[in-house]
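The values are calculated or read from the model by the stated rules, or taken from the named source; none is laboratory data. Note that the structure is predicted; figures quoted are calculated from it, not measured. Glycine also receives a Cβ, built like all others from the backbone with ideal geometry; neighbour counts cover every protein chain displayed. Side chains included, ligands, DNA and RNA excluded: accessible areas come from the protein's heavy atoms. Shrake-Rupley method; radii C 1.70, N 1.55, O 1.52, S 1.80 Å.
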Amino acid sequence: MSPNTWVIEMPTQKTRSHPYPRRISPYRTPSLNRNAFTRDVPTIAPYGPSKNNDYPVFEDIRTILSVLKASGLMPIYEQVSNYEVGPPTKTNEFYSFFIRGVVHALTIFNVYSLFTPISAQLFFSYRETDNVNQWIELLLCILTYTLTVFVCARNTKSMIRIMNEILQLDEEVRRQFGANLNQDFGFSVKFLVGIAICQTYIIVLKIMAVQGEITPTSYILLAFYAVQNGLTATYIVFASALLRIVHIRFHFINQLLNGYTYAQQQKRKGGGGRRQHGNINPTIMEHFPEDSLFIYRMHNKLLRIYKGINDCCNLILVSFLGYSFYTVTTNCYNLFVQITAKGMVSPNILQWCLAWLCLHISLLALLSRSCGLTTREANATSQILSRVYAKCREYQNIIDKFLTKSIKQEVQFTAYGFFAIDNTTLFKIFSAVTTYLVILIQFKQLEDSKVEDPVPEQT
């Protein structure tokens, strides 16, 4: 069978009562060896809560959801059924409120500590301006995490609504296609482990660099600093996982629609590369109207989910991208200073800079790739539809209406509308970092030249 061959799957009336008599699944069963358009009766699990209380789609990101719920960034929602979640109970709501209150109290304490001489021992210095840079970096970290907590608390209902829309969409796909759109999201667990290792390593380096006995206030500042960085990075991984979920569903409808294109119809007919314009089997297109209705409805729901995720994350993304840009720039500059220094190079500072760069660059790459893939699949639907082979005027009217609507819709994932986040974002960030590094290096060389060639005093 060809990789693009589809199998007609039709649930029995015992498992569902649905007006659609036929649906085409773009995912064929590997173990089947039959011709195209073979009817199957898939085994569909009974509707209702599962024994292990796991949701079909969110089971793959259960670990990262547990971390976010424990930290108060996600509501501890209640399970209504396999395809519906409910608002948190009063007890769970009070727990989230209490955690966020503790976070804000520690934030106020840490901001106050930054303006006192106690925090000075946390900043190792090898140039006069390093203390200021690290102070600003720490302040940006606190600001980013505080904004994340505020936005997550404000968007509790919106996030539950997004999850329910994804689950309802999956239920509809399951009933009509018997298809399971789950995918292994092992990358989220790997990123969680990497974030924990990086933060632990950075804090150990910081403690080793401190001279003298560390005060309890400094320990609190360091511990909360690590927690803030770790949870902010975890939320970015969660947003990327949500985008991957939406990407899989966009890809599903694109594969479904791709079966009606002229090239796929030629393959089914066995024409290979020969163009047989007048010999296309008309029965291939007879179910296109009803299938197109499902595709358009699913596409509109996915666009709404896509926009909802963007609305819930845009402020967080603006703050995180600004914080990452500053951190990457300062650490690249510190690496340059250490490498070009005439004295002894500090291994502690080199490891510190490399650890920060690995953490932020990997997060930026993950976010950019997830946004880029989802945006590309969302925009590909209209491109695939424009290649659908339809000789009947009725089919052409359906296609024209969708294409007219798609032209007016600009699908982009943005950082609060300031700029689009896609596959080019990482390149743009490094271009800006390079520009600022050139400016900083020029100022450093000018400063060194003045120190080496002092102006002689006039008598």
Query raised in the report: Using the per-residue mean of other Cβ atoms lying within 10 Å as a proxy for protection, in what order, highest first, do the peptides 396-406, 245-255 fall?
Result: 245-255, 396-406
Report task. Determine the gain in length on full extension of the stretch ILE439-THR91; use 0.36 nm per residue of separation and subtract their C-alpha separation, reporting nm with one decimal. Result -> 119.9 nm
**Report entry** Extension gain (nm, one decimal) between ILE203 and TYR219, 0.36 nm per residue minus Cα-Cα
**Finding:** 4.8 nm
Query - Most to least packed among 215-222, 71-78 [average Cβ atoms within 10 Å] - result: 71-78, 215-222
Requested in this report: Would you kindly state how much longer the chain becomes between LYS342 and ARG304 on full extension, computed as 0.36 nm times their sequence separation minus their alpha carbon distance, in nm to one decimal?
Outcome: 8.0 nm
**Report entry** Vicinal HN-Hα couplings computed from phi for segment 415-428 (Karplus, 6.51 cos²θ - 1.76 cosθ + 1.60; Hz; Gly/Pro x)
**Finding:** 9, 6, x, 6, 7, 7, 10, 8, 5, 8, 5, 4, 5, 5
Report summary line: Pairs over 23 Å Cα to Cα, from LYS90/LYS157; LYS301/LYS405; LYS69/LYS90; LYS342/LYS450; LYS157/LYS307; LYS69/LYS157, come to none
Query raised in the report: Sorted by mean Cβ packing within 10 Å, highest first, what order do the peptides 375-388, 89-102 take?
Result: 375-388, 89-102
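Give, as a single signed number, the net charge of other residues whose beta carbon lies under 11 Å from the beta carbon of PRO87, with Lys and Arg counted +1 and Asp and Glu -1. It would help to have the intermediate numbers written out before the result.
Numbers: positive: LYS90, LYS157, ARG161; negative: GLU78, GLU93.
Neighbourhood net charge equals +1.
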**Report entry** Two-site FRET efficiency, GLN351 against SER431, from Cβ-Cβ distance with R₀ of 35 Å, rounded to 0.05
**Finding:** 0.85
Query raised in the report: What distance in nm separates the simple spin-label points at GLU59 and LYS157, each placed 7 Å from Cα in the Cβ direction?
Result: 3.2 nm
Report summary line: Per residue, accessible area of segment 394-451 with a 1.4 Å probe, heavy atoms of protein chains only, in Å², comes to 71 Å²
Report task. Would you please give the FRET efficiency between GLN79 and GLN211, computed as 1/(1 + (r/R0)^6) with r the Cβ-Cβ distance and R0 = 56 Å, to the nearest 0.05? Result -> 0.60
